[in-house]
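Novice: After the structure tokens below, expect a handful of questions from me.
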Amino acid sequence: AIFKIIALALVIFTKNFTLITAVLAFTISPWLTTIVGFLFAPKSYLHVHTTPKVTFELFKFSKWMALWGIAASLTGKIDILLLGKLASTYQTGIYAAAARLATGYILIGSAYAAVLTPKISRVISNVPELRRQVFLIAQSIIVIIAAMIFIAILSTWAIPFIFGDDYIGTVIIFRWLTLASMFFISSIPANVSLMALGRVKFMGLSSVIQAL
């Protein structure tokens, strides 16, 4: 993200901001991040040797995660592409603005799930502690959903202030997307539990069904 911001800032400050230069900035910055990360990361992992059994188990686990990631990416983008074919450019832009704002819920939920997964994995065999952790997670989910409701109410004033009065139609769409995102946030305990149990196959298949 830092490299994307830097690349975009350079394009703007050099007064060369066009659609092509913006796309180039967003395309090149991930490669720069990869190169810098490779240069500064410890190289000890290059000399690690694993048995075929470990490699197979890792592949069996990660293939479903890859399927989940592909399906999630398609689900987040295909609606705008389809709407572009069925509606006007203005309507597509209104929806795209609301969808971009609602993406924040998905990012927060995904980051929260990534933090919770190792914690649940450590106590998965300790039933009393597992119940306590699930109860705490459920409480935090209620707080997050309450915050989402507050944000949806506040969007009546916030969205026109940020985007201008031309985007007033974004408010109602953003509220519906907020409601839809609540179901995703509510599913975090189940997804985390499946991940901790190693049942990623169910997550991969369910994500494909959602995309279809």
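The values are calculated or read from the model by the stated rules, or taken from the named source; none is laboratory data. Small disclaimer: the values here were computed from a predicted structure and weren't measured. Cβ sites come from the backbone with ideal geometry, for glycine too, and all protein chains shown count toward neighbours. Accessible surface is based on the protein model in full, side chains and every heavy atom, while ligands, DNA and RNA are left aside. Shrake-Rupley method; radii C 1.70, N 1.55, O 1.52, S 1.80 Å.
Novice: If DNA, RNA and ligands are ignored and the probe is 1.4 Å, what is the ranking of TYR95, TYR167 by accessible area, most exposed first?
Specialist: Working: TYR95 45, TYR167 80 Å².
Largest to smallest exposure gives the sequence TYR167, TYR95.
Novice: Take the Cβ-Cβ distance between LEU32 and THR117 as r, set R0 to 41 Å, and report the resulting FRET efficiency rounded to the nearest 0.05. If you can, show how the numbers build up before the last one.
Specialist: On the way: r = 29 Å, r/R0 = 0.71.
It comes out at approximately 0.90.
Novice: Something else: Quick one: length gained pulling ILE162 to ALA147 fully straight, 0.36 nm per residue minus the C-alpha distance? If you can, show how the numbers build up before the last one.
Specialist: Working: separation 15, 0.36 × 15 = 5.40 nm, distance 1.93 nm.
Fully extending the segment from ILE162 to ALA147 adds 3.5 nm.
Novice: Continuing with this model, one more query. Based on the mean of other Cβ atoms within 10 Å per residue, sort peptides 81-93, 132-144 so the most packed one is first. Write down the numbers at each step before the final one.
Specialist: Working: 81-93: 12.2, 132-144: 14.3.
Answer by packing, highest mean first, reads 132-144, 81-93.
Novice: Okay, next question. With r defined as the distance between the Cβ atoms of ILE124 and SER88 and R0 fixed at 45 Å, what FRET efficiency is calculated, to the nearest 0.05? List each step's numbers first, then the result.
Specialist: Details: r = 51 Å, r/R0 = 1.12.
Between ILE124 and SER88 the formula returns 0.35.
Novice: Going from most exposed to least, what order do MET65, MET148 have by accessible area with a 1.4 Å probe? Show your work: numbers first, answer last.
Specialist: Working: MET65 45, MET148 5 Å².
From most accessible down to least: MET65, MET148.
Novice: How large is ³J(HN,Hα) for each residue in the range 100-111, as worked out from phi by the Karplus curve 6.51 cos²θ - 1.76 cosθ + 1.60 (θ = phi - 60°), to whole Hz, x for Gly and Pro?
Specialist: 5, 5, 5, 4, x, 4, 5, 5, 5, x, 5, 5
Novice: Tell me the accessible surface of LEU32 in square angstrom (1.4 angstrom probe, heavy atoms of protein chains only), to the nearest ten.
Specialist: That residue has around 80 Å² of solvent-accessible surface.
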